[in-house]
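Colleague: Once you've had a glance at the structure underneath, I'll fire off some questions.
The values are calculated or read from the model by the stated rules, or taken from the named source; none is laboratory data. These figures come from a predicted structure and were not determined experimentally. Heads up, the Cβs are rebuilt from the backbone with ideal geometry, glycines too, and the neighbour counts pull from every protein chain shown.
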Amino acid sequence: MFVPLMYHLVDDRVEHPMSVPQDAFRRQLDWLGASGVTVLTVDRAVAALDNPGEVTEGVVLTFDDGYLNTVTTVREMLDERGLHAVMAVCGSYLDPATTPADIPHASREFASAQDVRDWLAAGHDVAGHSYTHPRLTTLDRRDLEAEVDLDLEAVEAATGRRPTTFCYPFGKADAAVREVVGQRYRHAFVTDGGSWPDPTHPLAMRRLEVRPAWDLGTFRAEVGRALEACRRQAPAATTRSS
Ligand SMILES: [Zn+2]
């Protein structure tokens, strides 16, 4: 039972609805540590989801799009605290030569293949996020499969590791997208419209989007509310003692 927190950038140089101020992020990490909310790796969190006998509660830190900012600023703050996160990577962004000219992001500074290898070596995780970040729900079956497969191949070629979780670009998935992703991944994250991580809905795990305007009080309230919603949703798993 865990709440996935969704971030994109933590970059004071970028003013954008998806860039959380560095000081706010630092306070959030310190509050998680001080309040005893466990920061789980995504591997541990989803393993617990598949094994109801294991009682695990906490949050998972997710960072979409594979920004350079994630492997520099964010990674430094995480490493200082011994915390881990998962970064959702678009395969085409690992190399400027394959990155499309027209992409829907606040920054074009992405992590390189070497950066992602270093990220993994430091104990962090990587997730799939499609090859070029299209709206998967608008694609025909062939293009949809190509987006998911090319991403998997690129990440695996760059890192030697095959991601086991997927973050839908724009957080959106329909039945066809879930089917294609579900043939390749066991777990996938949406932004809204899904349910909190639940063994019966592994391909539509909702995330809590952390917004730049949130002060610490709002962050605490939102995380607390989401954890409470998870507990209500999965009473059997949270009352069982291991
Ligand atoms: Zn994205």
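Colleague: What is the one condition in (1) touching a helix residue (DSSP H, G or I) at 6+ places or on another chain (Cβ under 7 Å); (2) buried (at least 23 other Cβ atoms within 10 Å of the Cβ); (3) over 21 Å from P197 (Cα atoms); (4) among the β-branched types (V, I, T) that V74 does not satisfy?
Modeller: Condition not satisfied by V74: (1).
Colleague: Any chance you could count how many residues in segment 190-204 are over 13 Å from V59 (Cβ atoms) and either of a type in the set (A, V, I, L, M) or in contact (Cβ under 8 Å) with a residue 24 or more places away in the chain (or both)?
Modeller: Total meeting the criteria: 8.
Colleague: Residues in segment 109-135 that are over 19 Å from Y168 (Cα atoms) and either surrounded by fewer than 18 Cβ atoms within 10 Å (Cβ to Cβ) or among the acidic types (D, E) (or both): how many?
Modeller: 11
Colleague: What are the pairs, 6+ residues apart or on separate chains, where a residue within segment 167-180 that is under 19 Å from H105 (Cα atoms) and modelled with pLDDT under 95 has its Cβ under 6 Å from a residue that is within 16 Å of the ligand (Cβ to nearest atom) and in a helix (DSSP H, G or I)?
Modeller: Sorted first by the residue in segment 167-180, then by its partner, the pairs are K172/T137.
Colleague: Restricting attention to segment 172-191, and to residues there that are among the hydrophobic types (A, V, I, L, M, F, W, C), in a helix (DSSP H, G or I) and crowded, with 18+ Cβ neighbours inside 10 Å, which single residue is farthest from the ligand (Cβ to nearest atom)?
Modeller: For segment 172-191, the residue satisfying everything is V180.
Colleague: Please give the number of the condition A213 fails out of (1) part of a loop (DSSP other than H, G, I, E, B); (2) touching a His at 6+ places or on another chain (Cβ under 8 Å).
Modeller: Of everything listed in (1) part of a loop (DSSP other than H, G, I, E, B); (2) touching a His at 6+ places or on another chain (Cβ under 8 Å), A213 misses just condition (2).
Colleague: Right, another one. Would you mention how many residues in segment 51-86 are in a loop (DSSP other than H, G, I, E, B) and within 16 Å of the ligand (Cβ to nearest atom)?
Modeller: Number of matching residues: 2.
Colleague: Between a residue in segment 52-70 that is of a type in the set (A, V, I, L, M, F, W, C) and any residue that is at pLDDT 90 or above and within 10 Å of the ligand (Cβ to nearest atom), which pairs come within a Cβ distance under 8 Å, given they are 6 or more apart or on different chains?
Modeller: Between residues of segment 52-70 that are of a type in the set (A, V, I, L, M, F, W, C) and residues that are at pLDDT 90 or above and within 10 Å of the ligand (Cβ to nearest atom), the close pairs are F63/H8; F63/A88.
Colleague: With the structure loaded, tell me whether A48 is assigned to a helix (DSSP H, G or I) and either within 14 Å of M205 (Cβ to Cβ) or away from the ligand (no atom under 16 Å from the Cβ) (or both) or whether it fails that test.
Modeller: Yes, satisfied.
Colleague: Just one of the numbered conditions (1) touching a residue at least 60 places away in the same chain (Cβ under 8 Å); (2) over 12 Å from G91 (Cα atoms); (3) away from the ligand (no atom under 15 Å from the Cβ) is not true of R142; which one?
Modeller: Among (1) touching a residue at least 60 places away in the same chain (Cβ under 8 Å); (2) over 12 Å from G91 (Cα atoms); (3) away from the ligand (no atom under 15 Å from the Cβ), the lone unmet condition for R142 is (1).
Colleague: Give me the pairs, please: first residue somewhere in segment 17-40 and closer than 16 Å to G224 by Cα, second residue anywhere and at pLDDT 95 or above and of a type in the set (D, E), beta-carbon distance under 9 Å, and either six or more positions apart or on two chains.
Modeller: Close Cβ pairs (under 9 Å, with a partner that is at pLDDT 95 or above and of a type in the set (D, E)) amount to R27/D215; L29/E80.
Colleague: In segment 53-68, what count of residues is obtained for those that are in contact with a helix residue (DSSP H, G or I) (Cβ under 6 Å, 6 or more places away or on another chain) and surrounded by fewer than 15 Cβ atoms within 10 Å (Cβ to Cβ)?
Modeller: The total comes to 1.
Colleague: Can you pull out every residue in segment 83-129 that is farther than 19 Å from M6 by Cα and among the aromatic types (F, W, Y)?
Modeller: Residue satisfying the conditions is Y93 alone.
Colleague: Please determine, by comparing only the residues of segment 1-44 that are within 16 Å of the ligand (Cβ to nearest atom) and assigned to a loop (DSSP other than H, G, I, E, B), which one is surrounded by the fewest Cβ atoms within 10 Å (Cβ to Cβ).
Modeller: Checking each candidate, the answer is P17.
Colleague: Search segment 150-171 for residues being within 14 Å of the ligand (Cβ to nearest atom) and part of a helix (DSSP H, G or I), and hand back the single one that is farthest from the chain's Cα centre (by Cα).
Modeller: D151
Colleague: Residue by residue through segment 87-123, note down the ones that are polar (S, T, N, Q) and more than 13 Å from the ligand (Cβ to nearest atom).
Modeller: Once the filter is applied, which keeps residues that are polar (S, T, N, Q) and more than 13 Å from the ligand (Cβ to nearest atom), segment 87-123 yields T98, T99, S112, Q114.
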